[in-house]
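**Q** Provided herewith is a single structure, encoded as structure tokens, for subsequent inquiry.
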Amino acid sequence: MAKKKKTIRSIPQQRTAVRELDPQVRVKNFEEVNCGYTLDQALNEAERCLMCPDPACIAGCPVNINIPKFIDAITAKNIRGAYDVIAASNLLAAVCGRVCPQETQCEGVCVVGESLEPVGIGRLERFVGDQAIKEKWTNVPYAAPSGFKIGIVGSGPAGMACAADMAKPGCDVTVFEAFHEPGGVLKYGIPDFRLPNSVVDAEIANLRKLGVKFECNTLVGRLFTIEQMRDELGFDAVFIGTGAGYPSMLGIPGDTLNGVLSANELLTRCNLMRAKEFPNYDTPIPLGKRVAVIGAGNTAMDAMRVCLRLGAEKVYCIYRRTRAECPARAEEVHHAMEEGVEFHWLTAPVEVLDDGKGNVRAMRCIKMELGEPDDSGRRRPVPVKGSEFEFETDQIVFAIGTNANPIIGQTSKLKLNKRGYIATDENLATSMAGVYAGGDIVTGAATVIQAMGAGRKAARGMKNYLRIRDTGAEAAPESPVATFFGIDLRERNYARIRAA
Amino acid sequence: MGEAISGAGFKILAREDFSDVTYSLVVHHPLMAKAAQPGQFVIVMSHESGERIPLTIADFDRKKGTVTLVVQAVGKSTKEMQQTCQVGTSLYGMVGPMGIPSPLKGKKKVVCVGGGLGVAPIYPQARGFKENGAYVIGVLGFRNKNLIFWADKFRACCDELILCTDDGSAGIKGFVNDGIKLAMQGHNDIDEVVAIGPPIMMKACAETTRAAGIKTIVSLNPIMVDGTGMCGGCRVKIGDEIKFACVDGPDFDGHKVDFNDLMTRLKRYAAEEKAALDRWSENCRMMNMTPAVTRASEDADPAAALPDPFEEALGG
């Protein structure tokens with residue numbers, strides 16, 4: 001199919017806007033803010049891709065999705081084909097299209113972005129992912145059972161990605177989750193207005209179709225150890241993706257007062273335990289009138305926007321650096337601003353003040369200025385002498401990062417690094433044969449897509465360890481639509497359906 | 001393995017009501033019964049829209065594959081469980097055993113103190129100390145004679161047992177710290193005191209032993225959500241440090257615990273808890289149900305006396 005070569009002048013100059021809920025309306029509910037592209041919008045945005053012969057975007061993606069190929073399929077209105085391309089590298093298109101920091105990954109290196117706004121790769125990926133959920137497409141290759149039994153600890157993005165890659169070559173995969181529902185941070189952490197739980201459930205249902213089993217209410221390490229999984233429970237290989245999840249404390253006077261809580265606690269109560277529907281759900285949630293959120297990462301943005309929706313009158317963001325250094329996705333900061341969050345850049349908390357009854361009354365802050373760059377390359381914030389001031393607030397949420405979760409370290413002989421994270425080699429193998437680890441429990445807090453990338457990398461390591469030959473199930477069939485006794489041949493599990 | 005930890009829930013095999021507000025549940029969970037150690041706890045969800053409640057493991061039977069929990073009906077969730085958790089029903093969620101097990105080895109003489117609801121979780125510790133060859137002095141505190149439970153179980157594993165009641169209707173008249181004083185008078189070689197009960201009681205125990213410098217371990221039960229170190233809701237002040245009771249505890253050095261901070265933090269949802277309880281009691285009244293269950297001692301089979309609790313109380 002010969003196509004006219006596109007140039008930077010011939011493509012639509014403006015990035016296709018996506019419909020978003022009105023900030024005034026959406027702060028009163030938990031509905032998803034970004035409504036996603038329609039088919040026409042997706043086609044229009046797909047037109048903007050230059051189909052570079054040497055695409056930078058693929059290298060910019062932590063799981064190396066063949067981005068031009070899937071965009072090309074969209075242009076041909078072959079959305080199913082686009083899904084096949086994405087699914088070859090990323091099982092969670094609907095999730096990643098929503099939560100990846102595209103501006104620093106694929107879109108950050110997009111050639112179009114050098115002179116215009118980059119192609120909306122994330123929005124296109126989400127469009128394809130949503131279509132797949134709507135149409136109930138699955139990419140389940142038929143694979144003969146390999147006879148290997150794989151245990152995965154943690155059902156978050158790292159565990160889900162690893163589970164998919166191990167199930168595809170026919171392994172018997174069981175994912176263990178300590179909470180009562182699978183999904184990890186996608187369920188307890190990211191709120192519905194950014195990533196609806198129904199999307200996560202759809203992706204988990206896909207994994208179940210692959211034959212992956214989920215065992216909830218299981219605290220690995222305490223109910224049984226990693227050593228027991230290998231030696232007694234018969235798992236041939238184990239992947240640990242438990243996340244970092246031990247919130248860092250503020251470390252300032254008054255940080256145990258009532259009204260001071262971690263963003264993790266706030267978000268878990270609201271998202272997983274559905275405290276937003278209290279009293280229909282039993283878990284209560286603190287309700288502050290003037291909430292100060294400390295930190296400016298994605299978790300902080302989520303916490304602020306949750307507080308607004310729970311009915312806070314004022315929500316402040318307290319961050320010791322400036323907007324330029326803030327680690328949150330650009331879209332999240334933009335949405336938070338639209339919804340009325342008040343940003344206090346270059347401000348750091350010094351002390352939490354109490355009302356005499358153990359509750360928060362106010363917070364003492366100090367102004368900062370940027371000094372010399374630190375190890376991370378960002379300019380180090382330095383306090384401005386004599387700039388302390390009092391700030392009235394009745395609830396303080398801290399979202400300043402996490403430390404390593406200690407449970408696996410407490411209960412196994414796995415080697416940890418000096419910060420308490422699990423030590424691995426470049427293939428994510430731990431000090432114990434057959435045991436792999438990846439995601440936040442290895443690197444410290446990172447993104448969903450990085451965790452998924454680690455899960456896939458560990459799966460490659462596990463396959464090598466078990467000498468499993470990859471079946472090449474990822475190669476998508478290019479044949480035109482054909483049905484076989486009413487079964488779509490592109491549905492790659494047709495052999496399984498026939499068998500059943 | 002699948003059966004115990006899959007979506008089918010966790011079956012309640014037996015139940016005993018100790019008083020109008022205290023009851024025990026024996027739950028089928030062979031894997032947990034195998035893994036459980038004295039000092040550990042579980043988190044329970046009675047139904048899908050319930051909250052996660054931390055409960056200390058009061059007993060476990062590795063042969064029968066059961067874990068025993070003792071619950072005090074104080075709030076909406078625990079009162080609701082008192083109604084709904086009958087023999088034959090299942091808990092929606094139960095995860096554990098959580099927390100660092102209490103070290104039981106290498107002690108020659110220990111005092112195990114349980115007050116009120118704390119009597120149940122101190123039992124596996126007393127038994128564990130005994131199995132490890134220690135001389136065990138049990139000190140149990142109840143409000144009055146009628147509320148006493150498990151005294152025979154303690155007699156079987158304690159070398160001495162001191163019963164304390166607030167009104168003197170059984171044992172000595174006084175609180176458990178009076179019992180500790182009595183034990184300290186009788187023995188000057190106590191290695192360790194382990195106390196479990198309400199924070200105010202554990203505080204009093206720690207104060208009783210502080211001057212004599214006897215190591216005193218307390219088991220803290222602050223408000224938790226996940227119980228895996230993820231939310232930080234259970235943070236407690238231990239000396240100059242902040243610790244998470246769920247993964248760094250629940251046992252801590254009683255002489256270092258900031259009990260006032262703990263007690264303030266335990267009250268942080270008092271308003272919401274009261275609202276939930278009031279609302280629930282009102283619903284019960286409207287549905288013509290009695291909020292409290294008849295006592296087991298008066299009724300041989302409490303399950304038979306009640307309508308199927310899951311059908312009516314939960315709905316959806």
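Since every read-out is calculated from the coordinates, none of them should be taken as a lab result. Note that the coordinates shown come from a computational prediction; the quantities given were computed from them, not determined experimentally. Cβ atoms come from the backbone with ideal geometry, glycine included; neighbour counts cover every protein chain shown.
**Q** In nm, give the distance between the simple-model label positions of A:CYS35 and A:GLU426, each being 7 Å from the Cα along the Cα-to-Cβ direction.
**A** It is 4.9 nm.
**Q** Hey, which aspartates and glutamates would be in cross-link range of A:LYS463, C-alpha to C-alpha under 17 Å, not counting anything within fewer than 8 residues on its own chain?
**A** Within the straight-line limit of under 17 Å, A:LYS463 reaches these aspartates and glutamates: A:ASP165, A:ASP172, A:ASP236, A:ASP425, A:GLU426, A:GLU474.
**Q** Return the distance in nm (one decimal) between the two label points of a simple spin-label model at A:LYS77 and A:ARG469, each offset 7 Å from Cα along Cα→Cβ.
**A** 4.2
**Q** In the stretch A:38-188, how many lysine pairs have Cα atoms under 28 Å apart, counting only pairs 8 or more places apart or on different chains?
**A** Final tally of qualifying lysine pairs is 15.
**Q** For the Cα atoms of chain A, what angle does the longest principal axis make with the long axis of helix A:157-167, in degrees from 0 to 90, nearest 10?
**A** Rounded to the nearest ten degrees, it is 20.
**Q** Run the reach check for B:LYS11 against aspartates and glutamates, Cα to Cα strictly under 13 Å, same-chain hits fewer than 8 apart removed. What comes back?
**A** B:GLU3
**Q** Once you have the Cα-Cα distance between A:LYS5 and A:ALA330, take 0.36 nm times their residue separation minus that, and quote the gain in nm to one decimal.
**A** Length gained between A:LYS5 and A:ALA330: 113.8 nm.
**Q** Size of the stretch A:66-107 along its principal axes in angstrom, Cα-based, largest extent first?
**A** Sorted from largest, the Cα extents of the stretch A:66-107 read 27, 19, 14 Å.
**Q** Aspartates and glutamates within cross-link reach of B:LYS181: Cα-Cα under 12 Å, excluding same-chain residues under 8 positions apart?
**A** B:GLU207
**Q** Now a separate question. Evaluate peptide A:218-229: per residue, the Cβ atoms of other protein chains within 10 Å of its Cβ; return the mean as an integer.
**A** Mean partner shielding for this stretch: 5.
**Q** State the antiparallel share, in %, of DSSP beta bridges confined to chain B, rounding to the nearest 5.
**A** Around 60 percent of the beta bridges assigned by DSSP in chain B are antiparallel ones.
**Q** Taking the Cα atoms of the stretch A:95-174, what is the range of coordinates along each of the three principal axes, in descending order and whole Å?
**A** 53, 28, 19
**Q** Calculate the FRET efficiency for A:PHE389 and A:LYS357 from the Cβ-Cβ distance with a Förster distance of 22 Å, rounded to the nearest 0.05.
**A** E between A:PHE389 and A:LYS357, to the nearest 0.05, is 0.40.
**Q** Something else about it: As a test of the formula, what do you get for chain A when each DSSP H run with n ≥ 4 contributes -39,500 (n - 2.57) and the sum is divided by the residue count, at 222 nm and rounded to the nearest 500 deg cm²/dmol?
**A** -8500 deg cm²/dmol
**Q** In nm, to one decimal, how far is the modelled label at B:ASP189 from the one at A:ARG379, with both set 7 Å along Cα→Cβ?
**A** Placing both labels 7 Å along Cα→Cβ, they lie 7.0 nm apart.
**Q** What is the Cα centroid distance between the stretch A:1-78 and the stretch A:308-334, reported in whole angstrom?
**A** 26
**Q** I want the antiparallel fraction of DSSP beta bridges within chain A, as a percent rounded to 5.
**A** 40
**Q** Can you give the calculated 222 nm mean residue ellipticity of chain B, where each DSSP H run of n ≥ 4 adds -39,500 (n - 2.57) and the sum is split over every residue, rounded to the nearest 500 deg cm²/dmol?
**A** Details: 11 runs with 95 residues, N = 316.
Result for chain B: -8500 deg cm²/dmol, rounded to the nearest 500.
**Q** Once you've got the Cα coordinates, tell me which of A:LYS314/A:LYS357; A:LYS209/A:LYS276; B:LYS79/B:LYS108; B:LYS215/B:LYS237 are over 29 Å apart.
**A** A:LYS209/A:LYS276; B:LYS79/B:LYS108
**Q** So how much slack lies between B:ASP166 and B:GLU48, counting 0.36 nm per residue of separation and subtracting their Cα-Cα distance, in nm?
**A** Additional length available on full extension: 38.6 nm.
**Q** Give me the angle, in degrees from 0 to 90, between the Cα long axis of helix A:121-134 and the longest principal axis of the Cα atoms of chain A, rounded to the nearest 10.
**A** 60
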